[in-house]
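Bear in mind these aren't lab numbers, they're just calculated from the coordinates by the rules spelled out. All values reported here derive from a predicted model rather than from experimental measurement. Please note: Cβ atoms are built from the backbone with ideal geometry, for glycine as well, and neighbour counts cover all protein chains shown.
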Amino acid sequence: MSVAERIRLYLDEQRRILDAFPVAVVERLATLLFETYDKGGTVYAMANGGNAGTLDHFYCDFTHHPFVTEGKDEQLPADVKRLRFVNLSSSAAELTGLVNDLGADAMYAAALRPFVTQDDLVMAFSGSGNSANVVNALEVAVKAGARTFAMTKGDGGRCRELAEICLIVPGTSRFPGQTGKNDNNFHFEDAMLSLNHILVGLLKERVYKERFGV
C-alpha cells in the first residue's frame, strides 16, 4: 500500500467513526456539564500520556472560551458565572509526589479525594478503560456522589461499568501505529479533542442565551 493509500485509509476510517459516533451519549454528557455549571460545581478530568496533554487544551477552552465576546476582544462581565475546570494531570510536582508516596495507581484518586463533591463532574479518559489510576479515581468519584463520565474504546473495560455515562469510540483500525493493543488509538485521541470542542461550543451558546437571550 502506498503512502497516499495509507493516508486515505486513515481518513476513511475517521469518516466511518464520525458517521457512527454516539451522538445521544454526547448529548447526555452535555446535559451533565450544564447541570454542573448551574450548580457551581467543578469539572475534574484525567488521562494518561498524550491525552493528559490534551486535557490542558480542555482546561484552556472550558475556562475561557465560553466567557469571551464573539469578537474575542474582551471577557464577559465578572458577574457571569464561570466554570471551574481542574486537569488532574497538569502538575508534574503533584503527580510525581503522589506517585512517590502512594504509587502510580493511586495518584488521581489521591488528588481527587479531598475535594470532589456531589456537585461535581468527573471525566475519565482511558483507551483501554482499565487504566488503574483512572479506574481508582472513578471509584472515588462514585463514592462521593459525583457525576461521572468516561471515554474509552474497545469494550470499555472497567470504566464502562463505573461511569454514569460512557462514550465508546466506535470502530477498529488497520492504520500503522494503531493496530494490536493500540487499536484505534489515534482515532480515539482525535475524537477526544472533537468532544472538547463540541462541549465548549454548546456551553458558550448556553452562556450567551442566559446572558443576552440570543
**Study point:** Residues Met192, Met151 arranged by fewest to most Cβ contacts within 10 Å
**Key:** Met192, Met151
Practice item. Treating cross-link reach as a plain straight distance, find the aspartates and glutamates whose alpha-carbon is under 18 Å from the alpha-carbon of Lys143, omitting any fewer than eight places away in the same chain. Key: Asp105, Asp119, Asp120, Glu161, Glu164
Revision key, fill the gap. Between the modelled labels at Ala93 and Met1 (7 Å from Cα along Cα→Cβ) the distance in nm is 4.7 nm
Check your understanding: Roughly speaking, what is the centre-to-centre gap between region 21-70 and region 130-151 when only Cα atoms are used, to the nearest Å?
Key -> 16 Å
**Study point:** Proximal lysines relative to Lys81, as straight alpha-carbon distance under 23 Å, when same-chain residues fewer than 8 apart are discounted
**Key:** Lys39, Lys72, Lys204, Lys209
Check your understanding: Once Kirkwood radius over Cα pairs in Å is worked out from the coordinates, which option in (i) 18.1; (ii) 16.8; (iii) 19.0 does it equal?
Key -> (i)
Practice item. Take every Cα pair under 8 Å in region 1-111 that's 6+ residues apart, average their separations, divide by the length, and report that relative contact order as a whole percent. Key: 24 percent
Review point. Taking only DSSP H segments of four or more residues, each worth -39500 (n - 2.57), what value at 222 nm results for the chain once the sum is divided by all its residues, to the nearest 500 deg cm²/dmol?
Key: -17000 deg cm²/dmol
Practice item. Calculate the spin-label point distance for Arg8 paired with Asn182, positioning each point 7 Å from the Cα along the beta-carbon direction, and give it in nanometres. Key: 2.4 nm
Point to revise | Among beta bridges that DSSP assigns inside the chain, antiparallel share in %, nearest 5 | key: 5 percent
